[in-house]
Amino acid sequence: MAADIDEDWLANLPKVELHIHLEGSIPTAMLLTLASKYGEDLPGPVEKLYEFDGLKSFLEFLDWICGLIRSNDDLESIAYEFARRLSEQRVSYAEVIVNPTHWSRHWTLDRLSEGLIAGFERAADEGLTDCRLLLSLLRTQSSDAAEGLVDWMIANRNPRIVGLSIDGNEQAAGRTGPRFAHAFAKARGAGIATTAHAGESSGPEGVWDALDLLRVNRIDHGVRAAEDPKLLARLAREEIVLNVCLTSNLVLLYPSIELHPLRKLLESGVRVTVNTDDPELLGITLTSEWAKVASLCGWSREDAVATTRRTIDAAFCDEVRKRELHLELDYYLGLENSEK
Ligand code: ADE
Ligand code: ZN
């Protein structure tokens, strides 16, 4: 980290997050309370709850978590409390990935989105973090199921639902770009912004397909693009933003931080943002993640501010809201300078 930046400064910086899964953001205490309320066994000993041997067991655990949430009140309060915790981290705005397949034991899409929107609205009314939804497909779903979600999104427009995402295990699913191309084209045709997990459990070929077949606006992770110089050049040239999650990659992908390609991505001119992915499962916050990235990349305050501005620009909300987020940052920096 450069001399002018530390964790306190990062904690106070108004931040924006574009890659965080609600399913991986529910505190352990809440999970234990719900498990005992419904008499559900834990999948393993509590001290080993977050030990995963790869993405497969990680994703199965998300199904277990969502199976614990059954009442409208619990759902609304999970959304509200999520926004409250992000506010404590000084996150001004977040795009929150929710994958309805993890919730399908107890929730229809109508009830799920209604409860989450109610919680996010209450939080926003109280001046807490402005949370928007990215509804997500699972890589192992069928093309019909994917179109079903997109049709639902087209029929149920809401300013709190800002885009379509796809996550899950690309390695287990095989090459699925062709399977989902039509659903993504339909979303795009209806003016719905899109993002895709790629170049995490897939190699660079997953990122090529996300660009060429899904034609997404942004990529979640995308870090394995670093293995392909032509792809790096394209990402830089076309100004495609990669929503990178360093700690998540260190748990699920790279055995050590020295092997993580973040610096290579930056040196190649690729636009990256800093995100937490599944903060409760990984034991991190957005501030701790920023500190880790700043330390790895030797960032100064100027780098951190530039990255925040880039994150705002890549958000899927409207231009007026983006302008407000830039102004909030200006105001914070202005105040900071006047205190010197
Ligand atoms: N869902 C939640 N976290 C994920 C990750 N890291 N990769 C793919 N799908 C996910
Ligand atoms: Zn993710």
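The values are calculated or read from the model by the stated rules, or taken from the named source; none is laboratory data. Just so it is clear, the structure is predicted and the values come from calculations on it, not from any experiment. Glycine gets a Cβ as well: all are built from the backbone with ideal geometry, and neighbour counts include every protein chain shown.
Tabulated data for the structure shown
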| read-out | value |
| --- | --- |
| T176, sole failed condition from (1) surrounded by 22 or more Cβ atoms within 10 Å (Cβ to Cβ); (2) among the β-branched types (V, I, T); (3) under 19 Å from the mean Cα position of the chain (by Cα); (4) within 14 Å of ligand 1 (Cβ to nearest atom) | (3) |
| Some residue of region 116-137 being surrounded by 23 or more Cβ atoms within 10 Å (Cβ to Cβ), touching a Lys or Arg at 6+ places or on another chain (Cβ under 8 Å) and among the small types (G, A, S) | no |
| Test set (1) within 12 Å of ligand 2 (Cβ to nearest atom); (2) without any contact (Cβ under 8 Å) to a residue 40 or more places away in the chain; (3) among the polar types (S, T, N, Q) - S256 fails condition number | (1) |
| Residue within region 144-161 that is acidic (D, E), at negative phi, in contact with a His (Cβ under 8 Å, 6 or more places away or on another chain) and free of Cβ contacts under 8 Å to residues at least 40 places away in the same chain present | yes |
| Single unsatisfied condition, I257 versus (1) more than 22 Å from R218 (Cβ to Cβ); (2) buried (at least 17 other Cβ atoms within 10 Å of the Cβ) | (2) |
| Among residues of region 304-314, those that are surrounded by fewer than 17 Cβ atoms within 10 Å (Cβ to Cβ) and under 16 Å from E7 (Cα atoms), counted | 1 |
| Top-ranked residue in region 253-278 [being assigned to a helix (DSSP H, G or I) and not basic (K, R); ranked as farthest from T28 (Cα to Cα)] | E267 |
| Positions within region 138-172 being crowded, with 16+ Cβ neighbours inside 10 Å, within 16 Å of ligand 1 (Cβ to nearest atom) and assigned to a helix (DSSP H, G or I), in sequence order | A146, L149, E170 |
| Options L242, L281, L250: the member that is farther than 20 Å from D8 by Cβ, within 16 Å of ligand 1 (Cβ to nearest atom) and outside any helix (DSSP H, G or I) | L242 |
| L231 in contact with a Pro (Cβ under 8 Å, 6 or more places away or on another chain), more than 17 Å from Q171 (Cβ to Cβ) and surrounded by fewer than 21 Cβ atoms within 10 Å (Cβ to Cβ) | no |
| Positions within region 236-249 being within 16 Å of ligand 2 (Cβ to nearest atom) and not aliphatic (A, V, I, L, M), in sequence order | N243, C245, T247, S248, N249 |
| Unique match (being within 16 Å of ligand 2 (Cβ to nearest atom) and part of a helix (DSSP H, G or I)) among A233, A225 | A225 |
| Candidate set from region 110-168 (those that are over 14 Å from the mean Cα position of the chain (by Cα) and basic (K, R)); member that is farthest from L213 (Cα to Cα) | R122 |
| Tally, over region 193-210, of residues that are under 19 Å from D313 (Cβ atoms) and more than 13 Å from the chain's Cα centre (by Cα) | 1 |
| Helices (runs of 4 or more DSSP H) (entirely within region 1-87) containing at least 1 residues that are closer than 19 Å to L135 by Cβ and either more than 16 Å from ligand 1 (Cβ to nearest atom) or in contact (Cβ under 8 Å) with a residue 60 or more places away in the chain (or both) | 55-67 |
| Restricting region 90-109 to residues that are closer than 22 Å to H197 by Cα and assigned to a loop (DSSP other than H, G, I, E, B), the residue that is nearest to the chain's Cα centre (by Cα) | N99 |
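The rows are residues; the columns are (1) of a type in the set (S, T, Y); (2) modelled with pLDDT of 95 or more.
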position: S36; (1), (2): yes, yes
position: P45; (1), (2): no, no
position: A79; (1), (2): no, yes
position: S104; (1), (2): yes, yes
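Conditions (1) within 12 Å of ligand 1 (Cβ to nearest atom); (2) of a type in the set (A, V, I, L, M); (3) touching a Phe, Trp or Tyr at 6+ places or on another chain (Cβ under 9 Å), marked per residue:
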residue	(1), (2), (3)
A185	no, yes, no
A198	yes, yes, yes
G203	no, no, no
V207	no, yes, no
G222	yes, no, no
